[in-house]
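Working notes, structure below.
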Amino acid sequence: MMWKWRTVGALGSFAGTCYLVSHRQILHAKSPLDDAFASPSPASIGRVKERQNVPDLNQMELRNVQVFFRHGARSPLRILSFLDQPDWPKDKILGDPSFPAVSYKLLDVRGQPVPAGPYDQMYQKIIFKGGTPAGQLTKTGKEQVYDLGKEIRRKYVEERKLISPTFKSHEVYIRSTNMMRTIESARWLLSGMYGDNQAGDRITIFTEPAEREILYPNHSFCGQLKAVNKKLFKGIDEIPGLRENRIELQKLLDYKEDANNKKKLNYVDLRDEIIARQAHGIPVPETALAMMNEIELYAVKMLTFMVSGSHKKMRKDILRLACGPVLHLVHDNMDASVWNDDFYKLQLYACHDSMLLALLVTLGIFTGKWPPFAADLVFESYEDKAGRRWVRVLYLNEPVHLPGAEYGDVISREKFTALIGPYAITVDSYRQECLAGGEDGENGGDGGRSAGL
């Protein structure tokens, strides 16, 4: 087999960087179109509207499926000293399920070995009672993504027959952020799909270093996003109703700002602790549970502002930096699946709730609810017998109605492109806009919160 160095959008990395890919994968690929995200002409939209029959997806060819999924349940990200800390017994919390599991090799998108990322190094220094480090995928979390893998197999192996029953490296591409909770989530999802994969090709999970990562809103390495984050936490009480609720909650929890580095109570951190405990059957203080609705409300608002800004006039620009490169990736993958018959059929992206939330907001389908552990957002790309292209999006295994969709949960490719066009951005442009923020390249700034939850 011949190999070439070539920029391929499916590998989910920065434009202008070369990757080692099979010549077979790029044999029929076209050059990217400069006007790929131009709005469709009125005539083309009119032709779609003239159709009288609702598109039948069962009569179409499913060309490509892209799955962006959150990691499974994990330990909390930080120790909240103002709460009584329960035991997180390492031997029970972090064990593996009894299911057969795949083995894998971890490489960066250039085919090189990957060192541990800065966030995992940070989490290993935060140890809960019982020995469990912070931010670790748990046995419960592995079971959650294993079940998601079984569902993916049911739909795309058994029902649609999009991919083979055993893993084929030319059919399925796997990409993860460089954190063990997402890498291991990818592993256990694949285990749900393929068991121990004894008869399949060797599995490689691809990742990127933190400074080049696009699978979460990268506040630590994008100056403009970092500035938005700092402004949010500085003016957090500007969120309507939050200040009054925070003061009441701090009294109930006996939270003293002087004992917490002069910092106000952080709803995102508090919600994280509560949800992690609930996922593992660990008791939550009654005082916190009594205000769980308010905690959830303001935590969601905070995360939403982190990925989309706090004002409508800045929303488009912030969302472009939060998830624009991923939207461009989705678009390129859909194109490649049509241009190249040997392109990947299924692409799996292990990411975080911050990315899912940013994508939901951008697509106009965010309902105000935090993406749960093992949540999945799926993009299905179809082609009908007349050569027309269609898209269906599913969230939490349910089809969703996108703004402008002509037929329920099915949207023409032209309208889908018009929907994401204002936000999709090449990685080169993304990097230039991030550098314009003036704070690029500093690691950490928010204690790891930008990495997603």
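From the P(r) of the range 70-166, could you give the percentage of C-alpha pairs in the tail past 15 Å? Provide the component values of the computation, followed by the final result.
On the way: 3368 of 4656 pairs.
That tail contains 72 percent of the Cα-Cα pairs.
Taking N as the number of residues in the range 107-230, what is its Cα Rg relative to 2.2 N^0.38 Å?
Details: Rg = 16.8 Å, N = 124, 2.2 N^0.38 = 13.7 Å.
Here the answer is 1.22, to two decimals.
Any of Lys129/Lys230; Lys230/Lys251; Lys230/Lys262; Lys256/Lys301; Lys105/Lys142; Lys345/Lys369 with alpha carbons more than 20 Å apart? Name them for me. List each step's numbers first, then the result.
Details: Lys129/Lys230 31 Å; Lys230/Lys251 25 Å; Lys230/Lys262 16 Å; Lys256/Lys301 23 Å; Lys105/Lys142 18 Å; Lys345/Lys369 30 Å.
The answer is Lys129/Lys230; Lys230/Lys251; Lys256/Lys301; Lys345/Lys369.
May I ask you to list the trypsin sites (Lys or Arg not before Pro) in the range 327-396 that are in a DSSP loop and have at most 10 other Cβ atoms within 10 Å of their Cβ?
Numbers: sites: Lys345, Lys369, Lys385, Arg388, Arg389, Arg392; in loops: Lys345, Lys369, Lys385, Arg388.
Hits after loop and neighbour filter: Lys385.
Based on the Cα gyration tensor of the range 144-302, what are the three equivalent ellipsoid semi-axes, each the root of five times an eigenvalue, rounded to whole Å and given largest first? Working shown, then result.
Details: eigenvalues 333, 85, 34 Å².
Gyration-tensor ellipsoid for the range 144-302: 41, 21, 13 Å.
Just how many % of Cα pairs in the range 293-371 lie over 18 Å apart, if you round to the nearest whole percent?
Details: 1490 of 3081 pairs.
Result: 48 percent of Cα pairs exceed 18 Å.
Over what distance in Å are the Cα centres of the range 183-236 and the range 337-413 separated?
18
Report the equivalent ellipsoid semi-axes for the range 266-406 in whole Å, largest first, defined as the square roots of five times the eigenvalues of the gyration tensor built from alpha carbon atoms. Let's see the in-between values first.
Details: eigenvalues 230, 62, 34 Å².
Here the semi-axes work out to 34, 18, 13 Å.
Calculate, axis by axis, the spread of Cα positions in the range 232-309 along the three principal axes, and write the results as whole Å, longest axis first.
Computed over the Cα atoms, the extents are 34, 29, 21 Å.
Looking at the P(r) of the range 358-413, how many percent of alpha-carbon pairs lie beyond 16 Å?
Working: 677 of 1540 pairs.
Everything past 16 Å amounts to 44 percent.
Sorted from largest down, what three extents in whole angstroms do the Cα atoms of the range 72-128 have along their principal axes?
Principal axes ranked by extent give 45, 30, 16 Å for the Cα atoms.
If you bin every alpha carbon distance in the range 157-227 into 10 Å steps from zero, what whole percent lands in each bin?
18, 40, 25, 13, 5
Per residue, what volume in Å³ does the Cα convex hull of the range 314-355 take up?
Working: hull volume 2.8 nm³, N = 42.
About 67 Å³ per residue, rounded to a whole number.
Where a number appears in this text, it was derived from the coordinates with a stated rule and is not lab data. What you are looking at is a predicted structure, and each value in this text was computed from that prediction instead of being measured. When we count neighbours, we look across all protein chains shown, and the Cβ atoms used for this are built from the backbone with ideal geometry, even at glycine.
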